[in-house]
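See structure below.
The values are calculated or read from the model by the stated rules, or taken from the named source; none is laboratory data. Keep in mind it's a predicted model, so treat the numbers as computed, not measured. Cβ sites come from the backbone with ideal geometry, for glycine too, and all protein chains shown count toward neighbours. Just the protein is used for accessible areas: all its heavy atoms, side chains included, with ligands, DNA and RNA removed. Shrake-Rupley method; radii C 1.70, N 1.55, O 1.52, S 1.80 Å.
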Amino acid sequence: MPDPRPHLGEPLALDLLNTRWIEHGPQDLLTEVAGLRTWLATAGLTDRATADEPTLHAVLAARTAIYDVVVHASPTGLNDVLAHGRIRRALTETGPADLADVPEQAWLPAWLAADNLLELLRAAPDRIRQCAHPECVLFFYDTSKNGTRRWHSMATCGNRTKAARHYARKE
């Protein structure tokens, strides 16, 4: 199944948040294992994770925890997800490496998404944003030079906002 979501390509944590969107009503990619399979493929995790019920449960827990951090600044759920794994430092043939060590395979995608959120928070927490369009629930990581991006996509939400503003002025 091709990924039906309107916005792809965000860092893993925000990409997981964007498995819920609004298009002719609320949509949720993760209501069943088939949607999880699609998300794992889009995220490049099919070789590291299995699309099954335990993984779906773990990924949904991570999505809720990430949302709670981004929207409500509540770390409790994220810390619970992170407790399922750790970073193991190792010297590999290619040099020093930080390796994800997640004993329960079902928690690997969830843990990777939670760990990715920590990286984003460490780098630039103010660049994690929700689209400014009032009817959009998507998130993005602002990589613009001046850090003033407002919409997940200028082509959709940005244009709709500007068009609405234009028509409101004409009336």
- prompt: In the range 23-47, which residues are more than 19 Å from LEU108 (Cβ to Cβ) and either among the hydroxyl-bearing types (Ser, Thr, Tyr) or in contact with a helix residue (DSSP H, G or I) (Cβ under 7 Å, 6 or more places away or on another chain) (or both)?
  reply: THR31
query: Does GLY44 satisfy the criteria of being out of contact with any Asp or Glu (no Cβ under 7 Å at 6 or more places or on another chain), open to solvent by 10 Å² or more (accessible area, probe 1.4 Å) and closer than 19 Å to PHE139 by Cα?
result: no
query: Looking at the range 23-124, what helices (runs of 4 or more DSSP H) fall wholly within it and have at least 2 residues that are in contact with a Phe, Trp or Tyr (Cβ under 9 Å, 6 or more places away or on another chain)?
result: 53-72, 76-82, 108-123
message: Would you confirm whether or not the range 10-18 contains a residue that is without any contact (Cβ under 8 Å) to a residue 60 or more places away in the chain, under 27 Å from ALA132 (Cα atoms), touching a helix residue (DSSP H, G or I) at 6+ places or on another chain (Cβ under 6 Å) and open to solvent by less than 10 Å² (accessible area, probe 1.4 Å)?
response: no
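Quick grid of which residues meet (1) surrounded by fewer than 21 Cβ atoms within 10 Å (Cβ to Cβ); (2) within 14 Å of the chain's Cα centre (by Cα); (3) of a type outside the set (Asp, Glu):
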| position | (1), (2), (3) |
| --- | --- |
| PRO4 | yes, no, yes |
| THR64 | yes, yes, yes |
| ALA97 | yes, no, yes |
| GLU104 | yes, no, no |
| ALA114 | no, yes, yes |
